[in-house]
Amino acid sequence: MERRSIGSGPLRVGAIGLGCMPMSWAYAPSRRRGEESLRTVHTALDLGANLLDTADVYGPYTNELVVGRALRERRADAFVSAKVGLRAGEQHVVADGRPGYVRRACDASLRRLRTDVIDLYQLHRVDPDVPVEETWGAMAELVGAGKVRALGFCALGAGAGPGAGRRGDRAYGATLRHLERAQQVFPVTAVQAELSVWSPEAAWQLLPWCAARGVGVLAAMPLGSGFLTGTLTPGEGFESADVRARHPRFTAYAMAANQQLVAGLRRVALRHGEVAGVPVTAAQVALAWVLAQGPHVVPVPGAERAHWAAENARAAEVRLTAGDLAEIASLPAAVGAWD
């Protein structure tokens, strides 16, 4: 598999990563299977998708435990990306960027992950009650202590989200200001943000900032929380604990309207024929689109099953043409924005 740099340093990962969150958090609880999750991680590693993205809040804690089981046997094969800055309460999550908490959380994550060092430690969310310089400084101390190799910044909760809209300045203005402040304390190696065919906002403002500074980009939710795979049926509904049950783009009306996006991806996939003897899928085209956004961009699709991880990993073999990219760019904007 093609290798990509995370930031301007020596950190290298496969072209596609694995988002471990769906294995134990946010999506359909009834489909979670511990042993299948473990097989999914091993399949991703076997195919070179070595970036494993997790967080202590996923579960909470159970996601890191699953990843830790795989790392016990294959630490040398994996690039571990973990997060700090969110604590799970009974009904919600809260930001916590206090330096003492950051240090304790890192030690706990290391134990659950069964490793001596985390390759990329990301700030999951900026705590509005703690200056970002203090939180980032505590994270930098972890690098000095040898517990962490590099630091990343998760933009998902620092400027995007409900009310962010479709304009890059509205969605990422606050994120960029935080990044500038953090960069004065310790180098930012990577930024994680939602980026997909139906959520391209990060490409308008965040990606240029990262490219100009040698900062890598981890593209979260590159498959639109599963919609861009074309495997979801409008009106089928979701389990009450599934975050998509409350997302405006997953109402029956919005899903039906957004089928135009999936149809466009399928047309491109049909032209590309097969990869490894299997027809190219809409999901693989969606991931190839993310890869085409720049050599510093690594899509991190979530997967609950081994066969999905395999399909995602092989998307690195799909090379979109200028005509393909133009056709995708002409697809209608997604229906069901947060605002």
Self-check item: Protection-proxy order for peptides 240-247, 9-16, each taking the mean of Cβ atoms within 10 Å per residue, highest first
Solution: 9-16, 240-247
Practice problem: State the answer as a single residue: which of PRO299, GLY273, ALA309 lies farthest towards the positive end of the charge dipole of the range 261-339, with beta carbon charges of +1 for Lys and Arg and -1 for Asp and Glu, about the Cα centre. | Solution: GLY273
Practice problem: Using the Cα centre as the reference, give the magnitude of the dipole from point charges on the C-beta atoms of the range 219-325 (Lys, Arg: +1; Asp, Glu: -1; all else neutral), rounded to the nearest 20 debye. | Solution: 220
Quiz item: Rounded to the nearest 0.05, what FRET efficiency do ARG12 and PHE238 have when you use their Cβ-Cβ distance and R0 = 51 Å?
Solution: 0.85
Practice problem: Could you state the angle between the C-alpha long axis of helix 168-183 and the longest principal axis of the C-alpha atoms of the chain, as a value from 0 to 90 degrees rounded to the nearest 10? | Solution: 30
Quiz prompt | Where labels lie 7 Å past Cα in the beta-carbon direction, separation of ARG266 and LEU65 in nm | solution = 4.0
Exercise. Give the shape of the range 1-111 as rounded, prolate or oblate, defined through the alpha-carbon gyration tensor: a ≥ b ≥ c are the square roots of its eigenvalues, a/c under 1.5 means rounded, and otherwise the shape is prolate if a/b is larger than b/c and oblate if not.
Key: oblate
Exercise. Take every Cα-Cα pair in the range 258-339 and report what % of them are more than 16 Å apart.
Key: 53
Quiz prompt | J(HN,Hα) series, the range 250-263, from Karplus relation 6.51 cos²θ - 1.76 cosθ + 1.60, nearest Hz, glycine and proline x | solution = 10, 6, 4, 5, 5, 5, 5, 5, 7, 4, 4, 5, 5, 4
Quiz item: Counting only protein chains, not ligands or nucleic acids, how are SER199, SER5 ordered by accessible area (probe 1.4 Å), most first?
Solution: SER5, SER199
Practice problem: Could you tell me which of GLY7, ALA88, ALA334 has its Cα farthest along the dipole of the chain towards the positive end, charges placed at Cβ (Lys, Arg +1; Asp, Glu -1), taken about the Cα centre? | Solution: GLY7
Quiz item: Accessible surface of LYS147 in the full protein assembly, 1.4 angstrom probe, to the nearest 10 Å²?
Solution: 60
Exercise. Would you kindly derive the ³J(HN,Hα) couplings of the range 188-194 from the backbone phi angles with the Karplus curve 6.51 cos²θ - 1.76 cosθ + 1.60 (θ = phi - 60°), listing them in order in whole Hz, with x for Gly and Pro?
Key: 8, 8, 8, 10, 10, 8, 5
Quiz item: Taking a quarter of the surface of the convex hull around the Cα atoms of the chain, what do you get in nm²?
Solution: 15.5
Self-check item: Options ALA263, ALA70, GLY137, ranked by Cα towards positive dipole end of the chain, top entry (Cβ charges)
Solution: ALA70
Quiz item: From Cα coordinates alone, what are the radius of gyration and Dmax values for the range 215-304 in angstrom?
Solution: 14.2, 40
Quiz item: For the residue pair ALA76 and ALA145, what label-to-label distance in nm results when each label sits 7 Å from Cα along the Cα-to-beta-carbon direction?
Solution: 2.8
Quiz prompt | Dipole moment magnitude, nearest 20 debye, the chain about Cα centre, only Lys, Arg, Asp, Glu C-beta charged | solution = 260
Quiz item: For labels at GLU36 and ASP107 in the simple 7 Å Cα→Cβ model, what's the distance in nm?
Solution: 3.8
Quiz item: Calculated FRET efficiency, LEU325 and ARG213, Cβ-Cβ r, R0 25 Å, to nearest 0.05?
Solution: 0.50
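The values are calculated or read from the model by the stated rules, or taken from the named source; none is laboratory data. What you see is a predicted model, and the numbers here were worked out from it, not measured in a lab. All Cβ positions, glycine included, derive from the backbone under ideal geometry; neighbour counts span all protein chains shown. Please note that ligands, DNA and RNA were not included when accessible areas were found on the heavy atoms of the full protein model with its side chains. Shrake-Rupley method; radii C 1.70, N 1.55, O 1.52, S 1.80 Å.
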